[in-house]
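Structure first, commentary second.
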Amino acid sequence: TGLLHTTLEDISSILMRFSYKKRLGDEIIYVLKRDEFGKCIRDLVSHEYSKHFDEEELENYSNYFTNFFTCFEKLSSALYTAAPLGVDCVNAKELAVGLSFLCAGNKSTKLSTAFELLDDKACGYFTQ
């Protein structure tokens, strides 16, 4: 798929471009809708890689990322019960961190970058 050559910064940049901001209390959440996620995946996987997929591989690939999104959608529904993100929506930053495990870089780099992405207030720790 070419994701092995993609960094978390690349992924988060694409996901943020397709997401919108939503205020939940004093927190700003970047929300990504399911149909926009499909556009993100098309941007993440270059034509150079996808042109070699046969129909079955494309189907499997599509199902994999659909299921991946659904897992984060269920997580978002559970975490934001007081003020839901919306139907078919996820926290884009959390999704980017999840996708990072499929990307380039060692574990330490991925964890450091993920922490920076999620530490909105740059305070050096999480409150939730």
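General remarks:
- Excluding same-chain neighbours fewer than eight residues apart, the aspartates and glutamates reachable from K93 by a Cα-Cα span under 18 Å are E9, D10, D26, E27, D35, E36, D43, E73, E116, D119, D120.
- For the range 85-116 versus the range 31-55, the gap between their alpha-carbon centres in whole angstrom: 17
- Overall, the accessible surface of the range 1-115 at a probe of 1.4 angstrom is composed of carbon and sulfur to the extent of 55 percent.
- With R₀ set to 41 Å, the beta-carbon distance separating E57 from K22 gives a calculated FRET efficiency near 0.70.
- Dipole moment magnitude, nearest 20 debye, the range 12-65 about Cα centre, only Lys, Arg, Asp, Glu C-beta charged: 520
- Globularity index of the range 35-87 is 1.42 (Cα radius of gyration / 2.2 N^0.38 Å, N = number of residues).
- Binned Cα-Cα distance frequencies in the range 1-109 - 10 Å width, integer %: 14, 45, 31, 9, 1
The values are calculated or read from the model by the stated rules, or taken from the named source; none is laboratory data. Model, not experiment: these values are computed from the prediction. Don't worry about glycine lacking a Cβ; one is built from the backbone with ideal geometry, like all the others, and counts go over all protein chains shown. To get the accessible areas, we keep the full protein, side chains included, count just its heavy atoms, and leave off ligands, DNA and RNA. Shrake-Rupley method; radii C 1.70, N 1.55, O 1.52, S 1.80 Å.
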